[in-house]
């Protein structure tokens, strides 16, 4: 019997994502919206949703509090995801995005989220220490109260278990991880990576600078997303750049999460890192095609991947 690769996704700052359309967004006056959609969201939740949409199975450990936490758990329940909610006192945040039809611009309102304590975080770290997952994927911002080195602690716990730790975050949490963590893969955007290194990087410089961190042992791979210019995957020996897959743009929400999920799902299916990188590109492009926080559709991912591979 073939053993199944196990994936654990971590969402320390999940959200309920609401998106709507509006003819025009104006200050002071009421902005009437329509076509409202709502989905369970936040980085780790989105990664789990995409893995499930691609036909994979995963476990999702997330912090959940208040009435919005109860709603989040109910929204996740129909999905083929193993839920592991960890209770906190404060409510889960609600994020809101509005697509302005007259300009085709998108306005995204993302609250900082709950205040958590060390006692509320500890069970998640203990769960990672006890996990038998092959891949542990941490994605999203840290909630208030979580120390900047929280992802470093989780990466250390994953490494001690022999798991591959994948991280997608920003700000001080990313800086802490890139300074002292030992990870399998970390995925900053170009802007996030530039903020960490403290300088503007043209596309020719991104690869060598990222490779320096790989060679220091911070991660086996660093994938830097370049938005409309594609992405770069760096190992100690190679630098691979892929152009963006050209698709009609509806919303950028969740593209990075879809990219990460596509890579991890492909790796879990036994593909090599270069093939997984291309699959991640296809998943990210497919997410851009869908409105609001819908994320990518499996049929779009497979079609874009097949076209890009030819």
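Among the conditions (1) in contact with a strand residue (DSSP E or B) (Cβ under 8 Å, 6 or more places away or on another chain); (2) part of a helix (DSSP H, G or I), the only one that residue 50 does not satisfy is (1). Of all residues in segment 101-125, those that are assigned to a strand (DSSP E or B), more than 18 Å from the chain's Cα centre (by Cα) and modelled with pLDDT under 95 total 3.
Residue under question is residue 264, and the condition is that it be in contact (Cβ under 8 Å) with a residue 60 or more places away in the chain and within 14 Å of residue 224 (Cα to Cα); does it hold? Criteria not met by residue 264. Reported count of residues in segment 228-263, each being over 25 Å from residue 49 (Cβ atoms), assigned to a loop (DSSP other than H, G, I, E, B) and touching a helix residue (DSSP H, G or I) at 6+ places or on another chain (Cβ under 7 Å), is 2. Kindly indicate the residue of segment 264-296 that is in a loop (DSSP other than H, G, I, E, B) and more than 21 Å from residue 105 (Cβ to Cβ) and also modelled with the lowest pLDDT among those meeting that condition. Per the stated criteria, the residue is 296.
Residue-by-condition table, conditions (1) out of contact with any helix residue (DSSP H, G or I) (no Cβ under 8 Å at 6 or more places or on another chain); (2) in a strand (DSSP E or B):
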{"position": "55", "(1), (2)": "no, no"}
{"position": "60", "(1), (2)": "no, yes"}
{"position": "69", "(1), (2)": "yes, no"}
{"position": "74", "(1), (2)": "yes, no"}
{"position": "83", "(1), (2)": "no, yes"}
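State which residue is nearest to residue 154 (Cα to Cα) when the search covers only segment 178-227 and only residues that are part of a helix (DSSP H, G or I) and under 18 Å from the mean Cα position of the chain (by Cα). Applying the filter and picking the extreme gives 178. Within segment 10-19, does at least one residue satisfy the condition of being at pLDDT below 95 and out of contact with any helix residue (DSSP H, G or I) (no Cβ under 9 Å at 6 or more places or on another chain)? Yes.
Inspection of segment 123-133 identifies at least one residue that is within 30 Å of residue 288 (Cβ to Cβ) and either in contact with a helix residue (DSSP H, G or I) (Cβ under 9 Å, 6 or more places away or on another chain) or in contact (Cβ under 8 Å) with a residue 12 or more places away in the chain (or both).
Looking at segment 13-48, which of the residues that are surrounded by fewer than 16 Cβ atoms within 10 Å (Cβ to Cβ) and closer than 16 Å to residue 71 by Cβ is nearest to the chain's Cα centre (by Cα)? It comes out as 37. Scanning segment 168-193 for residues that are surrounded by fewer than 17 Cβ atoms within 10 Å (Cβ to Cβ) and under 25 Å from residue 288 (Cα atoms) returns 171, 191. Flag: residue 94 matches the condition of being in contact with a strand residue (DSSP E or B) (Cβ under 7 Å, 6 or more places away or on another chain) and at pLDDT 95 or above.
Restricting attention to segment 49-79, the residues that are surrounded by fewer than 15 Cβ atoms within 10 Å (Cβ to Cβ) and under 22 Å from residue 166 (Cβ atoms) add up to 1.
Does any residue of segment 154-163 turn out to be over 26 Å from residue 244 (Cα atoms) and without any contact (Cβ under 8 Å) to a residue 12 or more places away in the chain? Checking segment 154-163: at least one residue is over 26 Å from residue 244 (Cα atoms) and without any contact (Cβ under 8 Å) to a residue 12 or more places away in the chain. Taken over segment 134-153, the residue count meeting the criterion of being closer than 19 Å to residue 217 by Cβ and in contact with a strand residue (DSSP E or B) (Cβ under 8 Å, 6 or more places away or on another chain) is 3. In segment 126-160, the residue that is nearest to residue 90 (Cα to Cα) out of those that are surrounded by 16 or more Cβ atoms within 10 Å (Cβ to Cβ) and more than 19 Å from the chain's Cα centre (by Cα) is 145. Candidates 248, 243, 208: the one that is under 30 Å from residue 16 (Cβ atoms), in contact (Cβ under 8 Å) with a residue 12 or more places away in the chain and surrounded by fewer than 17 Cβ atoms within 10 Å (Cβ to Cβ) is 248.
The values are calculated or read from the model by the stated rules, or taken from the named source; none is laboratory data. As the structure is a prediction and not an experimental result, all values here were calculated from the model. Backbone-built Cβ (ideal geometry, glycine too); neighbour counts: all protein chains shown.
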